[in-house]
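Below you'll find the structure, written out as structure tokens, and then a few comments.
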Amino acid sequence: MKHENGFTLVELMIVLAISGIVMAAIVGVFVSQQKAYEAQEQIAVMQQNVRAAQDIMTFELRMTGYDPLWADANNDGRDDNRLIDGVDNDCDGPMDAADGNEDIGFGIITAGPSLINFVLDLNGDGDICDPNENITFGFSPANDANGDGIADDLDGDGLPDYLPLGRNTGGGFQPMADGIYAVGFAYAFDDAADGDNDPESIGGNIIWAVDTNPVPDGILDTDINGNALGGLGNDDDGDPVAPIGIASIRAVKIWLLAVALRPDPAFAHAAGRAYRVGNKVIVPAPNDRRRMRLITTTVLCRNM
């Protein structure tokens, strides 16, 4: 009988089984790596979004109140020349003595918990009428109808949408960064009576306050925990902490909470996870499978 070399059926079955196991392992590793890549990509996009917004806001907020022509020899908080300079400095129509606010310094106009508006004399011509001299940061009313600083649920799925944070210089809100879930602001202030020009604190902790009036009245009235400033007691200098005007703001703290564009079925927020965003505490919904990233920064208002 003639013998021929080759594989038996049993040997072939063994090889196929081993090959299947190896291929299954390779596919498993590939799928795992692909999911890890997609997760890292989402995180990178979120980081880019919040960093872009943070950089723009930080740069411009540092310039808040910039006013190279400001002159206040008697230190009364009012410019010495604006009532006689023949310029409508605050761009509201009346000028000089006919405008009771003409000689007030430039700076923060609205110090809200979810929106900030400020002015500066960028080109040094004595007024704030020029482009990029009156700036607002926050969500547009179309994306945050109640003004709470949390993106609205425009698609009706029960979750805040993937919406842009806006910058408005007079022509309407323009997108500044996509995928912002929530935004918050708070303000450190100096009680001018103590003469030290340092933000007020209690127990070494800076008091971060906001103007909570639905129609802003220019008064910082509560801290970010909702406590009335008049009820906080005395600051580190021993002075009573009371509501104070926004002209005393010395620093702005910004919170930005970003959200991923797509949900990840394998992702879940840790039990009890909550994000502090200014005077808001945000707890993700149990069915919200989107990753989130929170960034905070403090900006010193060096011109105020």
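Here are the numbers:
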{"item": "Residue match in region 26-44 (condition: touching a residue at least 40 places away in the same chain (Cβ under 8 Å), of a type in the set (S, T, N, Q) and closer than 28 Å to Phe185 by Cβ)", "result": "yes"}
{"item": "Residues (within 30 Å of Ile254 (Cβ to Cβ) and among the polar types (S, T, N, Q)) located in region 73-114", "result": "Asn89, Asn101, Thr110, Ser114"}
{"item": "Scope region 204-215; condition out of contact with any strand residue (DSSP E or B) (no Cβ under 9 Å at 6 or more places or on another chain) and at pLDDT 90 or above; matching residues", "result": "Asn205"}
{"item": "Candidates Ala228, Ala182, Ala188, filtered to the one that is under 30 Å from Ile43 (Cα atoms) and small (Gly, Ala, Ser)", "result": "Ala182"}
{"item": "Contacts under 9 angstrom Cβ, first residue in region 49-74 being free of Cβ contacts under 8 Å to residues at least 40 places away in the same chain and among the β-branched types (Val, Ile, Thr), partner part of a helix (DSSP H, G or I) and surrounded by fewer than 18 Cβ atoms within 10 Å (Cβ to Cβ), 6 or more apart", "result": "none"}
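Residue-by-condition table, conditions (1) β-branched (Val, Ile, Thr); (2) within 26 Å of Asn168 (Cβ to Cβ):
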site	(1), (2)
Ala53	no, yes
Glu60	no, yes
Val87	yes, yes
Gly93	no, yes
Asp96	no, no
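The values are calculated or read from the model by the stated rules, or taken from the named source; none is laboratory data. Here the structure is a predicted model, which means the values were calculated and not measured. Using ideal geometry, Cβ is built from the backbone for each residue, glycine included, and neighbour counts are taken over all protein chains shown.
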